[in-house]
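Notes follow the structure.
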Amino acid sequence: MEILVYPGSFDPITIGHVDIARRAAKLCDTLYVVIMRNPSKKTAFSPEERAWMAEVSLKPYQNIKVEISSGLLVDYMRRKKAAAVVRGLRSESDFRFEAEMAAANRLLYSDYETIMLPCSANLGFTSSSIVREVAAYGGDISGMVPFEVRDYISEHLREHQV
């Protein structure tokens, strides 16, 4: 059984994240979308909220599972016996960053492989940080986040002015 891992903070999940997950799920038997806990990163949503939003948004895809993990990604991959990690790319700078991360992770785990999927052309501008900023000021995020969680994200970010 081929297993892939799509890690991230997903703070919050965007339609770009869903697009990458949907496409990656076609390449494997099981795709784990992993909400990574990073104590040094200030997030707008708790790991549990982010996992719930991912589960709701990815519910139509039968071979996608959502989990929360702490610690090193390479340790998670070993536990799951994953073949590769999936990363979405929006720009050339994303590629450079992801290539550096892949090289560093390969030093920690020699079987570490990365599949880099470029985002769909119409989603290159979408990022969680843009969603947080637009929603905090009451802007329309309907073209940036999954419909199923749009209102939850909007209300949460307006209330907390993140």
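Brief remarks follow.
- For Ser110, the conditions (1) part of a loop (DSSP other than H, G, I, E, B); (2) out of contact with any Ser or Thr (no Cβ under 7 Å at 6 or more places or on another chain); (3) polar (S, T, N, Q); (4) within 21 Å of Arg50 (Cα to Cα) all hold with the exception of (4).
- Given (1) modelled with pLDDT under 95; (2) farther than 18 Å from Arg23 by Cβ; (3) surrounded by fewer than 14 Cβ atoms within 10 Å (Cβ to Cβ), number of the condition Asn122 does not satisfy: (2)
- Of everything listed in (1) within 13 Å of the chain's Cα centre (by Cα); (2) touching a residue at least 40 places away in the same chain (Cβ under 8 Å); (3) surrounded by fewer than 16 Cβ atoms within 10 Å (Cβ to Cβ), the single unmet condition for Ile68 is (2).
- Members of region 125-141 found to be within 18 Å of the chain's Cα centre (by Cα), surrounded by fewer than 20 Cβ atoms within 10 Å (Cβ to Cβ) and in a loop (DSSP other than H, G, I, E, B), listed by number: Phe125, Ser127
- Of all residues making up region 28-60, the number that are in contact (Cβ under 8 Å) with a residue 40 or more places away in the chain and touching a Lys or Arg at 6+ places or on another chain (Cβ under 6 Å): 2
- Residues satisfying the stated conditions in region 79-117, i.e. within 21 Å of Met144 (Cβ to Cβ) and surrounded by fewer than 14 Cβ atoms within 10 Å (Cβ to Cβ): Ser91, Ser93
The values are calculated or read from the model by the stated rules, or taken from the named source; none is laboratory data. Source: prediction; values computed, not measured. Neighbour counts run over all protein chains shown; Cβ positions are idealised from the backbone, glycine included.
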